[in-house]
Amino acid sequence: MSDYSSDENDDYVLYKNRPEWSDITPLAQDDNEEPIVAIDYTENFKDCYDYFRAIVQKKEISERALELTQTAANLNPANYTVWQYRRDILKGLDKDLHEELEFVEKIILKQSKNYQVWHHRKVLVEWLKDPSKEKYLTEHVLSKDAKNYHAWQHRQWVIKTFKLYDGELDYVDLLLKDDIRNNSAWNQRYFVINNTTGFTEEVLRQEIEYTLSRIREITENESAWNYLRGLLLHDKAGLSNNTTVKAFVEELYESNNRSPFLLAIIVDMCLEQVGAGGGDSNYSAKRAVELCKDLMEKFDTVRANYWQHMLDSIGSESGEGTSGN
Amino acid sequence: MATIIKDITLQENIPQNILFEKHIDFIKEYGQKENNFEYAMTDYLRISGMYWGLTALELMNASPPHTIEEISDYIKHCQDPESGGISSCLNHDPHILHTLSAVQILCMYDNLKAIDVEGVVKYVKNLQLPNGSFTGDKWGEVDTRFSFCAVATLSLLNRMDAIDVNKAVDFVASCKNFDGGFGSRPLSESHAGLIYCCLGFLSVTNRLDIVDRDKLAWWLCERQLPSGGLNGRPEKLPDVCYSWWVLSSLTILGKLHCIDANALKKFILACQDTESGGFADRPGDIPDPFHTVFGISALSLLGNDTVQKVNPTYCMPQHVIDRLQLKPQILDN
Ligand SMILES: [Zn+2]
């Protein structure tokens with residue numbers, strides 16, 4: 001079957017010139033006397049959508065309507081009405097949905113940031129109850145854009161719905177080897193563990209080890225530090241009492257590392273200790289104040305206002321004077 | 001310690017002010033003379049497009065290009081008599097995104113009587129699922145964006161009683177992540193646009209108590225880059241629409257002062273197209289009404305008093321929210 005939808009195709013026949021459509025009166029875009037109309041777009045587009053409007057109004061369920069929606073979807077995949085109507089036809093005609101999977105896959109690979117195409121894909125997988133091609137599809141999309149939100153959302157839905165967690169941590173690992181700052185991959189790591197083993201003591205120990213070694217590679221990595229903080233939410237002792245983390249943080253600081261994320265976590269460890277009555281004198285309000293000043297003046301100047309605000313709040317809570325007021 | 005930061009460099013001659021005349025012409029002409037193919041291509045977002053353009057004009061104290069009757073009449077014809085929902089334009093299916101946009105426009109012009117309000121209430125109510133979440137249309141896509149659209153729409157209509165608010169809050173709360181942010185669904189990655197939707201939702205429902213305020217404020221401040229612009233997720237490029245989403249979120253949290261306002265102002269002003277008018281996502285890109293309304297709104301939140309005050313929860317002129325006597329929750333400094 002020729003691909004009617006391609007503008008470059010010399011054989012493309014306008015719908016108004018196709019004999020099988022001669023019984024339909026095309027319906028031009030009628031914006032109901034709304035003055036903001038002025039239409040002069042390409043002939044193919046106008047031709048296709050004039051027939052599309054006509055056929056939607058008739059609610060016709062037919063092969064030719066299905067073919068028309070294919071052209072319409074190719075011309076404008078963001079048009080959600082086209083997809084909804086197409087699904088009505090697919091159901092009505094009891095079509096082979098595997099063919100439809102292939103069709104939408106092609107569009108997804110071209111238009112991977114479009115809500116409608118992914119939703120269409122999801123509905124098809126639901127109807128077929130066949131998730132076997134989804135991991136591959138999302139990997140294909142993520143290989144070109146590793147943070148594509150739609151692809152991740154689809155992948156999470158498939159994994160969760162069909163319990164396809166096996167091998168997912170390896171995939172995450174692969175992505176992190178490629179880009180250790182890939183926040184989507186770190187989030188996926190959390191998603192997998194949360195929904196499988198959970199953050200047991202043993203898993204927590206392993207994950208902390210893993211994360212610390214990734215941070216050691218590149219210390220200016222917001223995502224990895226956030227993940228570490230996420231892990232410590234599951235440590236009953238809190239942010240500032242994990243001996244492995246404490247040793248790591250102090251060693252890094254001693255080695256003159258001044259990553260803003262390192263200093264920021266020490267600030268929070270100090271505040272936690274102070275708030276809990278100051279069990280560990282190494283984590284004092286005084287140290288937090290000094291670190292905030294360092295962040296503000298030297299190591300995170302973009303966020304100077306934030307650190308000033310932090311200083312002010314430490315000052316008002318601990319009663320220590322700060323330069324803020 | 002050389003770190004490559006994904007960012008842009010601003011050029012020298014950045015406009016110092018909002019180029020009002022240019023933007024007003026840009027919005028008024030958008031879709032009229034200019035690039036008609038694009039206009040036709042975007043019929044699936046027509047009503048939202050009208051909301052962006054008309055809100056931008058109102059914030060700039062400019063009159064709309066059509067009479068309020070014409071605008072209202074168009075919206076009226078986009079309401080589906082069966083479901084009660086409003087579609088992006090004629091012959092399209094209703095969607096909650098356009099339903100909210102339509103209600104926002106009509107509230108702005110104090111002309112809700114143009115539509116069947118009870119129909120809208122019924123439509124929104126029917127989109128709520130047993131777990132409290134909302135779908136965007138009858139096909140069932142769930143997203144925290146739609147939770148925001150639902151409560152924003154109903155609160156503007158003063159009909160919050162139509163839905164199960166507690167369940168709706170439970171769902172949004174279940175989308176809170178370990179980094180303090182929110183995603184589209186439970187355990188989906190934090191994203192500034194969705195954080196705005198969730199904070200907007202919690203602001204409308206008066207439930208900001210479920211937020212990890214300090215943690216989230218820090219995450220949001222981390223979005224600011226050396227260029228002054230804000231991105232929507234770690235390691236992404238800055239973008240004017242994220243300036244709005246991050247900024248309105250920080251405003252709702254009472255932490256606006258944590259951002260470097262001057263650097264951000266400069267970035268947003270640099271995104272103006274000095275020739276055609278309008279704001280683009282980044283300096284030098286093609287402008288559009290979407291980034292124009294968010295650019296102007298962000299400048300309004302940053303205290304620019306040459307434009308009208310905008311409400312951070314609804315992204316509507318504050319005087320409209322005051323007239324409706326709505327008091328969405330905003331945390332104190
Ligand atoms: Zn944008």
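The values are calculated or read from the model by the stated rules, or taken from the named source; none is laboratory data. Since the structure is predicted, the reported quantities are computational estimates derived from the model, not experimental observations. Here the Cβ positions follow ideal geometry from the backbone for every residue, glycine too, while neighbour counts run over all protein chains shown. Just so you know, the surface numbers come from the protein's heavy atoms only, side chains and all, with ligands and any DNA or RNA stripped out. Shrake-Rupley method; radii C 1.70, N 1.55, O 1.52, S 1.80 Å.
Worth a mention:
- If you go through the range B:289-303 and keep only what is within 14 Å of B:I24 (Cα to Cα), more than 11 Å from the ligand (Cβ to nearest atom) and open to solvent by 10 Å² or more (accessible area, probe 1.4 Å), you end up with just B:P289.
- Scanning the range A:240-271 for residues that are part of a loop (DSSP other than H, G, I, E, B) and either within 11 Å of chain B (Cβ to nearest Cβ) or in contact with a strand residue (DSSP E or B) (Cβ under 6 Å, 6 or more places away or on another chain) (or both) yields a total of 4.
- Of the residues in the range B:218-226, none is open to solvent by less than 40 Å² (accessible area, probe 1.4 Å), of a type in the set (D, E), within 16 Å of the ligand (Cβ to nearest atom) and farther than 20 Å from B:S63 by Cα.
- When the range A:107-118 is filtered for residues that are in a helix (DSSP H, G or I) and open to solvent by 20 Å² or more (accessible area, probe 1.4 Å), the ones remaining, listed by number, are A:L109, A:K110, A:Y115, A:Q116.
- B:L247 part of a helix (DSSP H, G or I) and either within 14 Å of the ligand (Cβ to nearest atom) or open to solvent by less than 20 Å² (accessible area, probe 1.4 Å) (or both): yes
- Looking across the range B:232-244, the residues that are near the ligand (Cβ under 10 Å from one of its atoms) and open to solvent by less than 40 Å² (accessible area, probe 1.4 Å) come down to B:G232, B:P238, B:D239, B:V240, B:C241, B:S243, B:W244.
- Test for B:V172: is it within 16 Å of the ligand (Cβ to nearest atom), more than 8 Å from chain A (Cβ to nearest Cβ), among the β-branched types (V, I, T) and open to solvent by less than 10 Å² (accessible area, probe 1.4 Å): no
- A single entry from B:G229, B:G193, B:G200, B:G181 fulfils the requirement of being crowded, with 24+ Cβ neighbours inside 10 Å and within 16 Å of the ligand (Cβ to nearest atom): B:G229.
- Considering the range B:268-288, the residues that are more than 13 Å from the ligand (Cβ to nearest atom) and not in a loop (DSSP other than H, G, I, E, B) include one that is nearest to the other protein chains (Cβ to nearest Cβ), namely B:A270.
- Taking the criterion of being in contact (Cβ under 8 Å) with a residue 40 or more places away in the chain and either within 12 Å of another protein chain (Cβ to nearest Cβ) or outside any helix (DSSP H, G or I) (or both), the residues of the range A:74-106 that qualify are A:L75, A:P77.
- Residues satisfying the stated conditions in the range B:61-94, i.e. out of contact with any Phe, Trp or Tyr (no Cβ under 6 Å at 6 or more places or on another chain) and among the hydrophobic types (A, V, I, L, M, F, W, C): B:A62, B:I71, B:I75, B:C78, B:I86, B:C89, B:L90
- Residue in the range B:92-110 that is part of a loop (DSSP other than H, G, I, E, B), within 21 Å of the chain's Cα centre (by Cα) and surrounded by fewer than 17 Cβ atoms within 10 Å (Cβ to Cβ) present: yes
- Taking the numbered list (1) buried (at least 21 other Cβ atoms within 10 Å of the Cβ); (2) without any contact (Cβ under 8 Å) to a residue 60 or more places away in the chain; (3) touching a Leu at 6+ places or on another chain (Cβ under 6 Å); (4) over 20 Å from A:A185 (Cα atoms) in turn, B:M160 passes all entries but (1).
- Among the residues making up the range B:65-75, those that are free of Cβ contacts under 8 Å to residues at least 40 places away in the same chain and either surrounded by fewer than 18 Cβ atoms within 10 Å (Cβ to Cβ) or in contact with a strand residue (DSSP E or B) (Cβ under 7 Å, 6 or more places away or on another chain) (or both) are B:H66, B:T67, B:E69, B:E70.
- For the range B:179-210, a residue qualifies if it is within 14 Å of chain A (Cβ to nearest Cβ) and of a type in the set (D, E, K, R), and the qualifying residues are B:D179, B:R185, B:E189.
Let's see how each residue does on (1) aliphatic (A, V, I, L, M); (2) open to solvent by 20 Å² or more (accessible area, probe 1.4 Å):
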{"position": "B:A56", "(1), (2)": "yes, no"}
{"position": "B:S63", "(1), (2)": "no, yes"}
{"position": "B:E82", "(1), (2)": "no, yes"}
{"position": "B:F134", "(1), (2)": "no, no"}
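- Of the residues examined, B:G132 is not one that is within 14 Å of chain A (Cβ to nearest Cβ), touching a helix residue (DSSP H, G or I) at 6+ places or on another chain (Cβ under 9 Å) and not aromatic (F, W, Y).
- For the condition away from the ligand (no atom under 15 Å from the Cβ) and either open to solvent by 40 Å² or more (accessible area, probe 1.4 Å) or within 11 Å of the chain's Cα centre (by Cα) (or both), B:G254 does not qualify.
- Identity of the residue in the range A:40-87, closer than 14 Å to A:Y15 by Cβ, at pLDDT below 95 and basic (K, R), that ends up least open to solvent (accessible area, probe 1.4 Å): A:R53
- Members of the range B:105-140 that are farther than 21 Å from B:S184 by Cβ and of a type in the set (G, A, S): B:A114, B:G119
- Count of the range A:1-24 residues which are loosely packed, with under 11 Cβ neighbours inside 10 Å and at pLDDT 80 or above: 4
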